[in-house]
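See below for the structure under consideration.
Every number in this text was worked out from the coordinates using simple rules, so none of it is lab data. Note that this is a predicted model, so its numbers are computed, not measured. Cβ placement follows ideal geometry from the backbone for every residue including glycine, while neighbour counts extend to all protein chains displayed.
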Amino acid sequence: MLSSPSVHYHSQSTLPPSADVVIIGGGIIGICAAYYMAQRNISVLVVEKGRIAAEQSSRNWGWVRQQGRDEIEIPLAREGLGLWAKLQENGQELGFRTSGILWATDKAEELAVWENWAAKAGDFGVHSQILRKSDVDARMPGSMKNWIGGMLTSTDGRAEPSLATLGIARYARDAGAVILENCAARGVETSNGRVSGVVTELGTVRTSSVIVAGGAWSSMFCRHHGIDFPQAVVNATVFRTAGNLTIANGAVGTPTVCIRQRLDGSVTVAYKGKGTLDMAPDSIRYARKFWPMFLARRKDLRIKVGRTFISGLMSRDWALDQITPFEKVRTLNPSPEQSLIDAAKAELQKIFPGAAGLGVAEAWGGAIDWTPDSLPIMSPIEKLPGLYLASGFSGHGFGVGPSAGHLIADIVSGDKPIVDPTPYKYSRLFESTSYDGMCGAL
């Protein structure tokens, strides 16, 4: 069945006249930011044009990892694991389990890369174990692949994307946050050169601080206010099996497919690194910045020019008293690619013969927003005081959702940041600063 993950949250229905902070976007980053702000008795409003967690936050693999992260992100990932554990303990079932992540390979050059990563990650307090063939085989007894070795990060974990953001949204609501679905932000109002309000389809909210956490929509929203945010959108394909399969204790990565054990016994599967670059006007506008990434991933990315390109040309500007692009398309719901489903299913069966005969219960596409260096922005925008950006998580934001939300809440409130925010500053996209990480996203 080709569909999209089902997520249900019963939001509040009344737009408040004012809030200390307005968050645009109800994905895991925006919701976590709302939770950590509400805990500090800051009045916070989340406006979501569609449904909470309906885009990337419910469509990802569900990995919560330190393993394989760019070294810049490791402190954020480490803090995130601790926050995930606390959130799970608070009562909502988020599906979080500290079950470890195992990477298995049959390629000597890849194993060498992981050995190098493990050595450097150890400096940050991450303990990843390089495994011999016999160790990998013992941890994946159902696998018939001829592995040569692997790496295990036992402190990593997994969570259920269909549950996690919704559960945290309930925590935020209980702490005092107001969360509105089907309430698109049309734009920001200013007074004396700084933020003074947010215009939504339901009315205007007075505020002095706005966080743009709109995922793949962030660049369009920022550009409307004269702010450049280089962003590309890659559509990925994921499916879950119809029937149970035991792969390992938690999640498994291989050179071809990445797999996560689900709470119900089935598995979530995706073909590693494959996707379609959605060729929108922004992709052309910022092509020079993204060229190194395109070259590095040219074998994995297919370029598509379609309806998004045409609609993008028509969405460069809009009036705040009229329907905007955010209301015309409430949810980005790209179709999954059948060829990737078939290829991933075939690889799964090669690795785990026990998967033969398992059907596809559900398959979905997801739109991933990417930055030129694959690192997110969590930063004030100096050009417009009172505006903050928390976006560009490049396909690996779910696992750091709690710590990223905590960090942007720290930045906005002026509290001591949970990690050093310097690597995530907005200005780095236009400076010579370059963060050349160890491995980047899986």
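A few comments on the model shown:
- Euclidean distance between Cα centres, the range 242-265 to the range 26-45, Å: 32 Å
- Per-residue Cβ neighbour rank within 10 angstrom, fewest leading, 288, 186: 288, 186
- Ascending count of other beta-carbon atoms within 10 Å, so fewest first, for 381, 24, 179, 29: 381, 179, 24, 29
- Estimated vicinal HN-Hα couplings, Hz - the range 166-181 in sequence order (Karplus 6.51, -1.76, 1.60; Gly, Pro = x): 5, x, 5, 4, 5, 4, 4, 4, 5, 7, x, 5, 9, 10, 10, 8
- Under 14 Å, Cβ to Cβ, from residue 42 - net charge with Lys/Arg +1 and Asp/Glu -1: -2
- The trypsin sites (Lys or Arg not before Pro) of the range 25-89 that meet both conditions, a loop assignment by DSSP and at most 16 other Cβ atoms within 10 Å of the site Cβ, are 40.
- Integer Hz, Karplus 6.51/-1.76/1.60 couplings in order for the range 85-92, x for Gly and Pro: 4, 5, 5, 4, 6, 6, x, 7
- If you run the Gaussian network model on the chain, springs between alpha carbon atoms under 10 Å, then out of 87, 102, 407 the most flexible one is 87.
- Taking amide hydrogens as placed 1.01 Å from N in the peptide plane, the amide H of residue 189 sits under 5 Å from those of 196, 197, 198, 199, each at least 5 positions away in sequence or on another chain.
- Amide H contacts of residue 242 (H built 1.01 Å from N, under 5 Å, at least 5 apart or other chain): 359, 360, 361
- Potential lengthening of the chain between residue 133 and residue 383 amounts to 84.6 nm, from the contour at 0.36 nm per residue minus the alpha-carbon distance.
- Residue-averaged [θ]222 nm for the chain, counting only DSSP H segments that reach four residues, each worth -39500 (n - 2.57): -8500 deg cm²/dmol
- In terms of surrounding Cβ atoms within a 10 Å radius of their Cβ, 98, 276, 237 rank from fewest to most as 98, 276, 237.
- Two-site label geometry, residue 339 and residue 189: point separation in nm, points 7 Å out along Cα→Cβ: 5.0 nm
- Backbone HN-Hα couplings from phi across the range 111-119 [Karplus 6.51/-1.76/1.60, Hz, Gly and Pro as x]: 4, 5, 4, 5, 4, 5, 4, 4, 5
- Reported to the nearest whole Å, the Cα centre-to-centre distance from the range 81-130 to the range 401-426 is 22.
- Counting charges near residue 20 (Lys, Arg +1; Asp, Glu -1) among other residues having Cβ under 13 Å from its Cβ returns a value of +2.
- Long-range amide H partners of residue 156 with built H, under 5 Å: 100, 101
- C-alpha long axis of helix 28-38 to longest principal axis of the chain, angle in °: 60 degrees
- Distance from the C-alpha centroid of the range 313-389 to that of the range 190-221: 22 Å, rounded to the whole angstrom.
- Net charge dipole, the chain: roughly 660 debye, given to the nearest 20, about the Cα centre with Cβ charges of +1 for Lys and Arg and -1 for Asp and Glu.
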